[in-house]
1. Roughly speaking, what % of Cα-Cα pairs in region 190-293 are separated by over 19 Å, rounded to a whole number?
2. Calculate how many DSSP beta bridges within the chain are antiparallel, expressed in % of all such bridges and rounded to the nearest 5.
3. By per-residue mean of other Cβ atoms within 10 Å, what is the highest-first order of 199-210, 298-309?
4. What are the principal axis extents of the Cα atoms in the chain, in Å, biggest first?
5. How big is the dipole moment of the chain about its Cα centre under a simple scheme where the beta carbon of each Lys and Arg is +1, that of each Asp and Glu is -1, and everything else is neutral? Debye, nearest 20, please.
6. Below 8 Å, C-alpha to C-alpha, sequence gap of six or more: please give me the relative contact order for region 182-315 in percent.
7. Note the full-extension length gain between Leu107 and Gln228 as 0.36 nm times their separation in residues minus their Cα-Cα distance, in nm to one decimal.
8. When only Cα pairs under 8 Å and 6 or more residues apart are kept, what is the percent relative contact order across region 154-234?
Amino acid sequence: MKGFDIIIIGGGLSGSSTALNLSKKGYSVLVIEKEKIQNYKSCAGGMASSMQKFIPIDIHDSIESRIKNVEFRWKASDNVIADLSGESPFWIIKREKLDQLLLDESLRNGVQIKRQLLVVKITKLNDKWEITCDNKMKYISEFIVIADGSQSKWAKYFNLGPKKPKFANTVSIRLKGLGEIPKNAVRFEFGFIKYGFAWAFPLKESLNIGLGTFINNGLLEDQDINNQVIRSFGFDDFSHKLISKKLRIWNGFHSINGEKVLAVGDAASLCDPFLAEGIRPSLISSFYAAECIDQYLSGKVDDLNHYTTIINNSWGRSMAWGRRIAQVFYRFPRTGYQLGIKRKTAPKRIAQILSGEMSYEDIAKRVIRRLLTKSMI
Ligand SMILES: Cc1cc2nc3c(=O)[nH]c(=O)nc-3n(C[C@H](O)[C@H](O)[C@H](O)COP(=O)(O)OP(=O)(O)OC[C@H]3O[C@@H](n4cnc5c(N)ncnc54)[C@H](O)[C@@H]3O)c2cc1C
């Protein structure tokens, strides 16, 4: 039975970027992925360009659009435009391409990947992990990285993240053409979706459209409203089916590591509870996961606890404010829109949030105070 330094469960964005970071450090890595290669992932692909620093390869081939403007609408009217001036700080990448670039480079570095294989059992065997798959194959490793996404089964098994995970409901569709969205702009549409919003992010020749609800378990079952939103982006005729997905969102400070095991990305409940941003925390957590495992394997530390501390400090603190903003904003969306979007300083702040230059923590106290005082009047 072959042994590995690290086995990663899940070969999505978090799994492949963790594999790449670890392989660059010279470790033997096996990725176990339950699906075959997919040519569509329901992710709109919006990411801060500053995240390139967490990826050890050039990802330019996956960039489909460099965003110059952010458009905001309230029920398809009231066009507010934020200008992301200077170097484009926000990109739209094609997720299938990005994941593949990361995996291809990992494979070149010696990472192994087993596809269409499901992990069914994990046990401890003489201080190592023994992983059994649904084809009865067993693999041994020193460390396990849980990267099995929002429907993670293994995060719960190892008691990583919140005991009761919270989910955003989403539906998404990719349509040919850009409708009425300019090629260098993204649009956020508020007012139609109760407890959430809709977004339209342009690829080179198609548009990623998503609808999401973030509080009160809001549902997205009203087809008429969904169609109205999609039409507002400039599409009259669309016969494709919407794809529904639950996204595990940040829900408090929790330990996301155990003894020689840790969780990354959606499995660790890191997704932004206000805007559904999950690429950034996936890349950040993958980067630090590899750093912390490396420190352990090279004898500098004797546990992984600092992984949880780093992620809680570098991401969780901002998300705690993101969650508070979401709870107020989506409960009082019209007021939220008036106060959060239509203010003179809003475009600049929005640009800073999207580019990762500012965190929710930086802006939240002022925003919440404003929202609470106005919504109680
Ligand atoms: C509609 C929608 C739009 C989004 N748009 C954006 C956006 O524009 N910007 C942004 O930053 N974020 C966005 N996100 C969030 C982002 O897509 C996620 O946060 C990101 O995909 C998380 O990556 P991951 O690798 O952790 O999980 P995933 O990409 O879900 O990967 C998990 C992998 O694990 C595999 N797996 C699951 N269980 C097992 C198992 N038992 N054994 C083996 N393999 C397993 C799965 O097949 C999958 O490949 C969006 C999400 C949705 C749903």
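1. On the way: 2900 of 5356 pairs.
Roughly 54 percent, rounded to a whole number.
2. On the way: 49 of 73 bridges.
In the chain, DSSP labels about 65 percent of beta bridges as antiparallel.
3. Numbers: 199-210: 21.2, 298-309: 14.4.
Per-residue Cβ counts within 10 Å, averaged per peptide and sorted highest first, yield 199-210, 298-309.
4. 63, 43, 40
5. Values: 56 positive and 38 negative charges, 217 e Å.
Here the size comes out at about 1040 debye.
6. Values: 157 pairs, mean separation 20.4, N = 134.
Averaging sequence separation for qualifying contacts and normalising by length gives 15 percent for region 182-315.
7. Values: separation 121, 0.36 × 121 = 43.56 nm, distance 4.40 nm.
Length difference between fully extended and current span is 39.2 nm.
8. On the way: 134 pairs, mean separation 25.7, N = 81.
In percent, rounded to a whole number, it is 32.
The values are calculated or read from the model by the stated rules, or taken from the named source; none is laboratory data. Just so it is clear, the structure is predicted and the values come from calculations on it, not from any experiment. Heads up, the Cβs are rebuilt from the backbone with ideal geometry, glycines too, and the neighbour counts pull from every protein chain shown. To get the accessible areas, we keep the full protein, side chains included, count just its heavy atoms, and leave off ligands, DNA and RNA. Shrake-Rupley method; radii C 1.70, N 1.55, O 1.52, S 1.80 Å.
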